[in-house]
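Structure, as structure tokens:
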Amino acid sequence: MSTAVLPGPMDAMPEVRAPRATASRRTMFDVTRLLAAYSIIWLHTPRSAELAGSTVLGRFAVPFFVAATVFFVWQGLIAKPDRDFGSYAWSRFTRIYLPFLAWSAIYLAFKAAKGVALPDQPNDFPGWEFLWTGSFYHLWFMPFILVVSLGVFKLGQAVIERPVLEWLVGFGCLVLGEGIALWPQGPWFQGPQLSLIYQAMPAVFWGVALSVVVHRCPAKLLETTEAGVLGLLTMAAGLAWLWHFGRNTMAETTAGIGCTVVALAPWSNRLLQAVGRFGPLAYGIYLSHLLFIKTAESVLAKLGAGPSASVDVAVFLVAVVGSTSLAWSLSQSRYTRWLAA
């Protein structure tokens, strides 16, 4: 996905607890969403010729966030199939769109401050389209995932208590997602946001297919150690393809779906639990990381530091520490928690 991303952040998506979710499942979910958030930081960081090509290793993150969102929306409907759409839509609006507007305002303020402090550096200010695209390129994901969540909710309501129909929808989504991933992007999907939406759509449909399989297959087939290992191998295969051949929607979506299966694995130990404690911060990390990347880049440019591998690594570490610290700080107060967790 060009320079704009996910991815997403998991908490920007509907945070619906899966029924019968175990502590180990939550552990792996938190670990994988934190990994995906940091992968997005890397995706946006390298500028040097030495490391620019490695950004493809972060391309699994948006498909993962999309598929995992779809999965948990579906699981939430399994737990409460009679939930009212109106109340659900309002809860998603307040949890996703209002933070989206707030962060759009924050990034507008950042651009204004940058324009005053560093008038010689490039800057851009959006028009009214920021209401649906955001004021910075990574914010496109939030309105997108809001619409996806509502659409998946309505679809799930229609089929989740009808086994045959649910299987048919799952199979249809599998085929449709593959078709979109393989079909060349047409001229009607040109432009930054539309291009990103098109590239993310296979993960929406494959997320539905995965949700149906988990719901209807006996013995929690995809929630086992064996399935987790298969998910890791699938993710590795997708990333290996990207590393050797470059951008490819099918490979990116495959890696993201593999990561989603890993998130369901029943793995838990002290190390994973320690890492997973930071998983709920993924939302805030995703939303704030570009403040730190762009600040570091602007300062380095002012100092005359050119692109290099060491600069890329330094900027990445600054963004990781800065965004994680800010997300944690925001999550500590009930007045700011809605911005980060």
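The values are calculated or read from the model by the stated rules, or taken from the named source; none is laboratory data. What you are looking at is a predicted structure, and each value in this text was computed from that prediction instead of being measured. Heads up, the Cβs are rebuilt from the backbone with ideal geometry, glycines too, and the neighbour counts pull from every protein chain shown.
All of V320, V315, V311 fail the test of being buried (at least 17 other Cβ atoms within 10 Å of the Cβ) and either basic (K, R) or touching a Leu at 6+ places or on another chain (Cβ under 7 Å) (or both), apart from V311. Testing R216 on (1) more than 15 Å from L57 (Cα to Cα); (2) modelled with pLDDT of 95 or more; (3) touching a helix residue (DSSP H, G or I) at 6+ places or on another chain (Cβ under 8 Å), one condition comes back false. Which one is that? Going through (1) more than 15 Å from L57 (Cα to Cα); (2) modelled with pLDDT of 95 or more; (3) touching a helix residue (DSSP H, G or I) at 6+ places or on another chain (Cβ under 8 Å) one by one, R216 breaks only (2).
Within the stretch 182-205, one or more residues are surrounded by 15 or more Cβ atoms within 10 Å (Cβ to Cβ), among the β-branched types (V, I, T) and farther than 22 Å from M235 by Cβ. Quick check on the stretch 76-98. Is at least one of its residues modelled with pLDDT under 95, touching a His at 6+ places or on another chain (Cβ under 8 Å) and more than 15 Å from L290 (Cβ to Cβ)? Yes, because at least one residue in the stretch 76-98 is modelled with pLDDT under 95, touching a His at 6+ places or on another chain (Cβ under 8 Å) and more than 15 Å from L290 (Cβ to Cβ). Give me the residue from the stretch 53-99 that is among the polar types (S, T, N, Q) and within 25 Å of V262 (Cα to Cα) and, out of that set, surrounded by the fewest Cβ atoms within 10 Å (Cβ to Cβ). Only one residue fits best here, namely S54. Meeting the requirement of 3 or more residues that are among the small types (G, A, S), the helices (runs of 4 or more DSSP H) wholly within the stretch 85-180 are 85-92, 98-117, 141-159.
Among residues of the stretch 290-315 that are among the hydroxyl-bearing types (S, T, Y), those with a Cβ under 7 angstrom from a residue that is part of a loop (DSSP other than H, G, I, E, B), sequence gap 6+ or separate chain, pair up as S298/L118; S298/Q121; S308/S48. Exactly one residue out of V152, V169, V159 is surrounded by 15 or more Cβ atoms within 10 Å (Cβ to Cβ), of a type outside the set (F, W, Y), free of Cβ contacts under 8 Å to residues at least 24 places away in the same chain and under 30 Å from V213 (Cα atoms), and it is V159. Close Cβ contacts (under 8 Å, 6 or more residues apart or on different chains) running from residues in the stretch 63-87 that are over 27 Å from M235 (Cα atoms) to residues that are acidic (D, E) comprise P81/E161.
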